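The values are calculated or read from the model by the stated rules, or taken from the named source; none is laboratory data. Here the structure is a predicted model, which means the values were calculated and not measured. Don't worry about glycine lacking a Cβ; one is built from the backbone with ideal geometry, like all the others, and counts go over all protein chains shown.
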Amino acid sequence: MALEITHLGTGSRGNATLLSGEESKVLIDCGFSGRQMEKRLATIGVKPTEIDAIVMSHHHTDHGQGAAIFSKRWGATIHANFTTCAGMGLDPVNQCQIFDALERLQFGDDISLLPVPIPHDGAENVGFIFSDRRGARGAVITDLGSATEELLGHLRGCSHISIEANYDAKRLALGPYPPSLKARIAGRGGHLSNTQVAEILAEVVTDEVETIVLCHLSEKNNAPHIAESEVLFGLEDWSGDLRISTQIGPEFSHVLTQPASARIIQSKSPQR
Ligand SMILES: [Zn+2]
Ligand SMILES: [Zn+2]
């Protein structure tokens, strides 16, 4: 079985993504209550006790509020960098396994994760590049105000990209938030607008990318059809599968595919 990616829900009210391999199951973030996590996992036939680890992007409650209870109740180990561990009020010795930026995390022999630092206010946030044992790669990237060259480098070569499309610039500007909050969201350490994610994807997406999921859409400052059309407009010739993850999940799963070039190399052996 190849690695499967399932968003259990994304947005400002909670985020959690399941990476499911043959041997290991890892959650990226755990931003729902224990009961919600149990319920959402049950809809895809997964028991909480099957989860090996929760790997944290950052400490904000929409990503971490269920992690400690999940770990205590069902035994999954929490992995986080030091700032995130401290921000969640966890003991770095007994309650967290601490990782550094760009330190490869290995789960079983089928899931490998690389935490890549990304700018996000008041948090030491990381995006995750993951790979399976065949070397197929994917990404889950949320909560960032801008993309770094380092991140773009890691996104190149991924066959699956889940990335936030938080707000539409016009909706944010005209919307109900106070000016200070608007400035924070739109700042370099805030969130990505549809325009920014369209630009990022236009830079890194080739035919090798088969699936893209837009995540963490603001319910007040964005709408799925606006995000989707802006991204697709920037990716004119791309013919892969684009989906939107909302707060209500899980709605779909993706299987991590090997890039076409790798498949061609492998099938080059005996040909008749
Ligand atoms: Zn955040
Ligand atoms: Zn968030």
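Looking at this structure, is G157 buried (at least 17 other Cβ atoms within 10 Å of the Cβ), modelled with pLDDT under 95 and under 30 Å from T206 (Cα atoms)?
yes
If we scan the range 93-102, do we find a residue that is closer than 21 Å to I5 by Cα, out of contact with any Pro (no Cβ under 9 Å at 6 or more places or on another chain), modelled with pLDDT of 95 or more and hydrophobic (A, V, I, L, M, F, W, C)?
Checking the range 93-102: not a single residue is closer than 21 Å to I5 by Cα, out of contact with any Pro (no Cβ under 9 Å at 6 or more places or on another chain), modelled with pLDDT of 95 or more and hydrophobic (A, V, I, L, M, F, W, C).
Mind counting the residues in the range 54-77 that are assigned to a strand (DSSP E or B) and either acidic (D, E) or surrounded by fewer than 23 Cβ atoms within 10 Å (Cβ to Cβ) (or both)?
1
Every residue, every condition in (1) under 20 Å from H7 (Cα atoms); (2) surrounded by fewer than 16 Cβ atoms within 10 Å (Cβ to Cβ); (3) more than 16 Å from ligand 2 (Cβ to nearest atom); (4) not aromatic (F, W, Y), yes or no:
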| site | (1), (2), (3), (4) |
| --- | --- |
| G145 | no, no, no, yes |
| L152 | no, yes, yes, yes |
| I163 | yes, no, no, yes |
| G175 | no, no, yes, yes |
| G190 | no, no, no, yes |
| E210 | yes, no, yes, yes |
| C215 | yes, no, no, yes |
| K220 | no, yes, no, yes |
| I226 | no, no, yes, yes |
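Take the range 161-185 and flag every residue that is touching a residue at least 24 places away in the same chain (Cβ under 8 Å) and outside any loop (DSSP other than H, G, I, E, B).
I161, S162, I163, E164, Y167, A169, R171, L172, R184, I185
Would you check which residues across the range 57-91 are over 17 Å from H7 (Cβ atoms) and of a type in the set (F, W, Y) and list them?
W74, F82
Among the residues that make up the range 89-104, is at least one of them of a type outside the set (G, A, S), surrounded by fewer than 21 Cβ atoms within 10 Å (Cβ to Cβ), more than 16 Å from ligand 1 (Cβ to nearest atom) and in a strand (DSSP E or B)?
Within the range 89-104, one or more residues are of a type outside the set (G, A, S), surrounded by fewer than 21 Cβ atoms within 10 Å (Cβ to Cβ), more than 16 Å from ligand 1 (Cβ to nearest atom) and in a strand (DSSP E or B).
Free of Cβ contacts under 8 Å to residues at least 12 places away in the same chain and out of contact with any helix residue (DSSP H, G or I) (no Cβ under 8 Å at 6 or more places or on another chain): is that true of G45 in this structure?
Spelling it out, G45 is indeed free of Cβ contacts under 8 Å to residues at least 12 places away in the same chain and out of contact with any helix residue (DSSP H, G or I) (no Cβ under 8 Å at 6 or more places or on another chain).
List every residue pair whose Cβ atoms sit under 7 Å apart, with the two residues 6 or more apart in sequence or on different chains, where the first one lies in the range 118-141 and is within 11 Å of ligand 1 (Cβ to nearest atom) and modelled with pLDDT of 95 or more and the second, anywhere, is part of a strand (DSSP E or B) and not aromatic (F, W, Y).
Here the result reads I118/V126; I118/G127; I118/I141, each pair linking the range 118-141 to a residue that is part of a strand (DSSP E or B) and not aromatic (F, W, Y).
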